[in-house]
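The values are calculated or read from the model by the stated rules, or taken from the named source; none is laboratory data. Everything numeric in this text was worked out from a predicted model, so none of it was measured. Glycine gets a Cβ as well: all are built from the backbone with ideal geometry, and neighbour counts include every protein chain shown.
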Amino acid sequence: MIQQTIQIGNSVGVIIPKNVLEENKIKVGDKIQVDVSPVKSVRKTAKDAVSPELLMWLDGFNKRYKDALQELASK
């Protein structure tokens, strides 16, 4: 999932969408692991744009079928 950083006082944070919190049973105060890799800016045309909903669906799909996808990739 790609999220944009936001200013929170003297800190910087990201918003975790509600459905992602619910799917992963994350509550305020929980410790989570975050993998960080900056997204390189690429100029996109309207035709190349991908909706945030599709990206979120793909993220859920990858989490749900992670083991099966890794097994297929190893063949």
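Residue by residue, here is whether (1) over 18 Å from Asn62 (Cβ atoms); (2) touching a residue at least 12 places away in the same chain (Cβ under 8 Å); (3) touching a His at 6+ places or on another chain (Cβ under 9 Å); (4) of a type in the set (Val, Ile, Thr) holds:
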position: Gln4; (1), (2), (3), (4): yes, no, no, no
position: Ser11; (1), (2), (3), (4): yes, no, no, no
position: Glu22; (1), (2), (3), (4): no, no, no, no
position: Ile26; (1), (2), (3), (4): no, no, no, yes
position: Gly29; (1), (2), (3), (4): yes, no, no, no
position: Ile32; (1), (2), (3), (4): no, no, no, yes
position: Pro38; (1), (2), (3), (4): yes, no, no, no
Q.
If a residue counts only when it is surrounded by 10 or more Cβ atoms within 10 Å (Cβ to Cβ), within 12 Å of the chain's Cα centre (by Cα) and at pLDDT 90 or above, which helices (runs of 4 or more DSSP H) contained entirely in segment 8-75 have at least 3 such residues?
A. 18-23, 52-64
